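The values are calculated or read from the model by the stated rules, or taken from the named source; none is laboratory data. No experiment lies behind these values; they were computed from the predicted model shown. Note that we place each Cβ from the backbone using ideal geometry, even for glycine, and neighbour counts take in every protein chain shown. Heavy atoms of the whole protein, side chains included, go into the accessibility calculation; ligands, DNA and RNA do not. Shrake-Rupley method; radii C 1.70, N 1.55, O 1.52, S 1.80 Å.
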Amino acid sequence: MALKQVSSNKCFEGFQKVFEHDSAELKCKMKFGIYLPPKAETGKCPVLYWLSGLTCTEQNFITKAGFQQAAAEHGLIVVAPDTSPRGCNVEGEDESWDFGTGAGFYVNATEDPWKTNYRMYSYIKDELPKLINANFPTDSERMSIFGHSMGGHGALILALKNPGKYKSVSAFAPICNPIQCQWGKKAFGGYLGPDTSKWEAYDATQLVKAYSGPRLDILIDQGKDDQFLSAGQLLPDNFIAACTEQKIPVVFRLQQGYDHSYFFIATFINDHIKHHAKYLNA
């Protein structure tokens, strides 16, 4: 599968690049950001996947989060894909900011007209890692995942649905219980149809109740002044209660005064890189 380099910038002795490729899973051209630490010039590196939130592209994280210095120090390749298929001309995909373009929700849609292209779950789980491992100096046995908001939801469900695939998982302000919030109900209803029992397969709070796999250390940071926390879109308490019940270790940090923005992410990104490096470099 041919990769076309869109941009390359030297950063902390490594390179922040963006590539474009034809996705078989999503049936469109897709872009992703990839940070190659200096270590990648001489050896194989573990890979950390970042999943962005609603309305984002591959650009938000690589330009705003300031993760590159820590990734360089710990020798991690960091991959940041887009959040949905692009340019598929699916009717209605550009009508709202929280559904369709920029809002793939990391599910495989089963409903028309979304099911042909909106297969972000399989793209992140299978197609993208194969592409990365085939084209970059990765240690394909060592990968972890994290994300923000809708992407935090994506990271949690990918780790919980695929025990042992990811060495660690973390999230910033994740949508923890989408079947109970307005964003989730809208997205899942559209992509997965009216049968709510099918929604549970993509809900972290539901999935954690049935998780049986290798020990998973979960780190979650949540801004206390996040407007979407108070609006009931994120529901971390439900997830923490389920984790506690299942004796799954979760470190949940409620950060005083912080909101939902990349200023919040940038403040705590180094802690998350360190969390993943502990497992990826073990």
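For the stretch 195-282, place one equal point scatterer on every Cα, skip the solvent, and apply the Debye formula. What is log10 of I(q)/I(0) at q = 0.15 Å⁻¹? Debye output, listed in q order: -0.70. Grab the beta carbon distance between ASP126 and SER261, set R0 = 35 Å, and tell me the FRET efficiency rounded to 0.05. After rounding, the FRET efficiency stands at 0.65. One decimal place: the segment LYS209-THR116 gains 30.4 nm when fully extended, by the rule 0.36 nm per residue minus the C-alpha distance. Applying the Karplus relation 6.51 cos²θ - 1.76 cosθ + 1.60 with θ = phi - 60° to the stretch 95-103 yields 3J(HN,Hα) values of 7, 9, 6, 10, 7, x, 4, x, 8 Hz, where x marks Gly and Pro.
Assign unit charges at the C-beta atoms only (+1 for Lys and Arg, -1 for Asp and Glu), then state the dipole size of the stretch 85-125 relative to its Cα centre in Debye, rounded to the nearest 20.
On the way: 4 positive and 7 negative charges, 75 e Å.
It works out to roughly 360 debye.
State the extension gain, in nm to one decimal, for the chain segment bounded by ARG253 and ASP237, taking 0.36 nm per residue of separation less the distance between their alpha-carbons. 4.6 nm is the gain from fully extending ARG253 to ASP237. The HN-Hα couplings worked out from phi for the stretch 212-217 by the Karplus form 6.51 cos²θ - 1.76 cosθ + 1.60 (θ = phi - 60°) are 9, x, x, 3, 10, 8 Hz, whole numbers, x standing for Gly and Pro.
Taking the Cα centre of the stretch 139-201 as reference, the dipole from Cβ charges on Lys and Arg (+1) and Asp and Glu (-1) amounts to some 60 debye. Here the Gaussian network model covers the chain, with springs between Cα atoms less than 10 Å apart; of LEU219, LEU131, LEU76, LEU131 fluctuates the most. Comparing SER261, SER149, SER168 in a Gaussian network model of the chain, where Cα atoms under 10 Å apart are tied by springs, the biggest mean-square fluctuation is seen for SER261.
Estimated at 0.36 nm per residue, the fully extended path between ASP195 and ALA24 surpasses their Cα-Cα distance by 58.8 nm.
Based on DSSP, what percent of beta bridges with both residues in the chain are antiparallel, to the nearest 5? So the antiparallel bridges in the chain amount to around 50 percent.
Relative contact order of the stretch 4-281: what whole-number percent is it, with Cα pairs under 8 angstrom and at least 6 residues apart?
On the way: 613 pairs, mean separation 48.1, N = 278.
Over the stretch 4-281, the number comes to 17 percent.
Both the radius of gyration and Dmax for the stretch 147-217 are 11.9, 34 Å, in that order, over alpha-carbon atoms.
In order along the stretch 196-210, phi translates into HN-Hα couplings of 5, 5, 6, 5, 4, 5, 10, 10, 4, 5, 6, 5, 5, 5, 10 Hz, rounded to whole numbers, per the Karplus curve 6.51 cos²θ - 1.76 cosθ + 1.60 with θ = phi - 60° and x for Gly and Pro. For the chain, the solvent-accessible area with a 1.4 angstrom probe is 40 square angstrom per residue. When only the Cβ of Lys, Arg, Asp and Glu is charged (+1, +1, -1, -1), the dipole of the chain relative to its Cα centre reaches about 760 debye.
Using DSSP to call loops (not H, G, I, E or B), can you name the chymotrypsin sites (Phe, Trp or Tyr not before Pro) in the stretch 22-70 whose Cβ has at most 10 other Cβ atoms within 10 angstrom? Nothing satisfies the criteria.
In the chain, carbon and sulfur make up what percent of the accessible area (probe 1.4 Å)? It is 49 percent, rounded to a whole number. A Stokes-Einstein calculation at 4 °C with viscosity 1.567 mPa s, built on the Kirkwood radius of the chain over Cα pairs, returns a diffusion coefficient of 70 µm²/s.
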